[in-house]
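The values are calculated or read from the model by the stated rules, or taken from the named source; none is laboratory data. Values in this document were obtained by computation on a predicted structure and should not be read as measured data. When we count neighbours, we look across all protein chains shown, and the Cβ atoms used for this are built from the backbone with ideal geometry, even at glycine.
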Amino acid sequence: MIIEAKDVTKRFGGLLALQKVSFRINNNEILGLIGPNGAGKTTLFNTITGFLRPEEGSILFEGKEIVGKRPFDLCHLGIARTFQLVKPFSNMTVLQNAIVGSLNRTNSVREAKERAIDQLHFVGLHDKRNVLANALTINQRKRLEIARALCTRPKLLLLDEVMGGLTPSEIHDMLNLIIKIRELGITLFVIEHIMSAIMSLCDRIIVLHHGQNIAEGKPSEVGVNPKVIKAYLGKEYVVTQSPKN
């Protein structure tokens, strides 16, 4: 087990965004996180990565408490993430963007550049290394964000809707990239709204609704859970997933 959350609770004024959320992620697992808009998914990511501090609860990373640690410190421990709204350093090149991530692990610009080049090769952006980030497509920007995160040498990588806005072929390629990341020995926690993608990708899925964990299990179990169907998937999903006669 790489991470364990116990009764994580986060409030924004009178709004209870997370209500005693608990879960575990096993080493080298791909865990999915789904739920309606406003369910608390990104808020949960923000509490894990230090951008928000929960009012209650505990988050253990490799057995040690991390609540209260800053994002930079958590990144150095081995927790990296991407963001739903991709915002690269637009007036820097693709390579320079990746180098920024590498500098979390070394003070040597030469070593940082070597690491950055390796990761750009890995995500398929090496040929774009000298292009300004603001000239990239949405698919390329998402890949750059992943490369920058990989440059920090993460043990746990949180992906926030990396397939949103992509074409079917781009989604297929992104799924393959995520599987390749897992093959590196990296554990993944993935938020995604594209159900066909996340159901095929993940070992387990947890479902948030109104800040509460309403279901957890294998994709095949979550997909037929009445609570999940009512709160998020809808009856149409069940019909489309049913085997044809």
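When K41 is tested against (1) basic (K, R); (2) in contact (Cβ under 8 Å) with a residue 60 or more places away in the chain; (3) not assigned by TED's automatic domain parsing to the domain that holds V21, exactly one condition is not met: (3).
Look at the range 155-176: where a residue is more than 12 Å from A197 (Cα to Cα) and a partner is among the small types (G, A, S) and assigned to a helix (DSSP H, G or I), sitting 6+ places away or on another chain with Cβ atoms under 9 Å, you get L157/A149; L158/A149; L159/A149. Would you mention how many residues in the range 120-156 are in contact with a helix residue (DSSP H, G or I) (Cβ under 6 Å, 6 or more places away or on another chain) and under 19 Å from L77 (Cα atoms)? Of the residues in the range 120-156, 6 are in contact with a helix residue (DSSP H, G or I) (Cβ under 6 Å, 6 or more places away or on another chain) and under 19 Å from L77 (Cα atoms).
Quick check: anything in the range 135-145 of a type outside the set (G, A, S), more than 19 Å from the chain's Cα centre (by Cα) and not assigned by TED's automatic domain parsing to the domain that holds I198? Yes, the range 135-145 contains at least one residue that is of a type outside the set (G, A, S), more than 19 Å from the chain's Cα centre (by Cα) and not assigned by TED's automatic domain parsing to the domain that holds I198.
Per-residue answers, yes or no, for (1) in contact with a strand residue (DSSP E or B) (Cβ under 9 Å, 6 or more places away or on another chain); (2) at positive phi:
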residue	(1), (2)
L18	yes, no
N37	no, no
L44	yes, no
G63	yes, yes
G68	no, yes
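One residue stands out among those in the range 57-93 that are among the charged types (D, E, K, R) and touching a residue at least 60 places away in the same chain (Cβ under 8 Å): the one that is surrounded by the fewest Cβ atoms within 10 Å (Cβ to Cβ), which is E62. For beta carbons closer than 7 Å, sequence separation of 6+ or different chains, a first residue in the range 223-234 that is assigned by TED's automatic domain parsing to the domain that holds L208 and a second that is among the charged types (D, E, K, R), the qualifying pairs are I229/K235. The set of residues from the range 160-194 being under 15 Å from the mean Cα position of the chain (by Cα), more than 21 Å from F61 (Cα to Cα) and of a type in the set (D, E) comprises E161, E192.
Has the range 190-199 got at least one residue that is hydroxyl-bearing (S, T, Y) and either touching a residue at least 60 places away in the same chain (Cβ under 8 Å) or assigned by TED's automatic domain parsing to the domain that holds F122 (or both)? No, every residue in the range 190-199 fails to be hydroxyl-bearing (S, T, Y) and either touching a residue at least 60 places away in the same chain (Cβ under 8 Å) or assigned by TED's automatic domain parsing to the domain that holds F122 (or both). Whether any residue in the range 46-59 is touching a Pro at 6+ places or on another chain (Cβ under 9 Å), under 15 Å from V207 (Cβ atoms) and not aromatic (F, W, Y) is what I want to check. No, the range 46-59 contains no residue that is touching a Pro at 6+ places or on another chain (Cβ under 9 Å), under 15 Å from V207 (Cβ atoms) and not aromatic (F, W, Y). Between S108, S169, S102, the distinction of being buried (at least 21 other Cβ atoms within 10 Å of the Cβ), more than 20 Å from L33 (Cα to Cα) and either assigned by TED's automatic domain parsing to the domain that holds K41 or hydroxyl-bearing (S, T, Y) (or both) belongs to S102 only. If you go through the range 94-148 and pick out every residue that is polar (S, T, N, Q) and closer than 30 Å to P168 by Cα, you end up with 8. A single entry from D160, D118 fulfils the requirement of being in the same structural domain as G185 (by TED's automatic domain parsing) and charged (D, E, K, R): D160.
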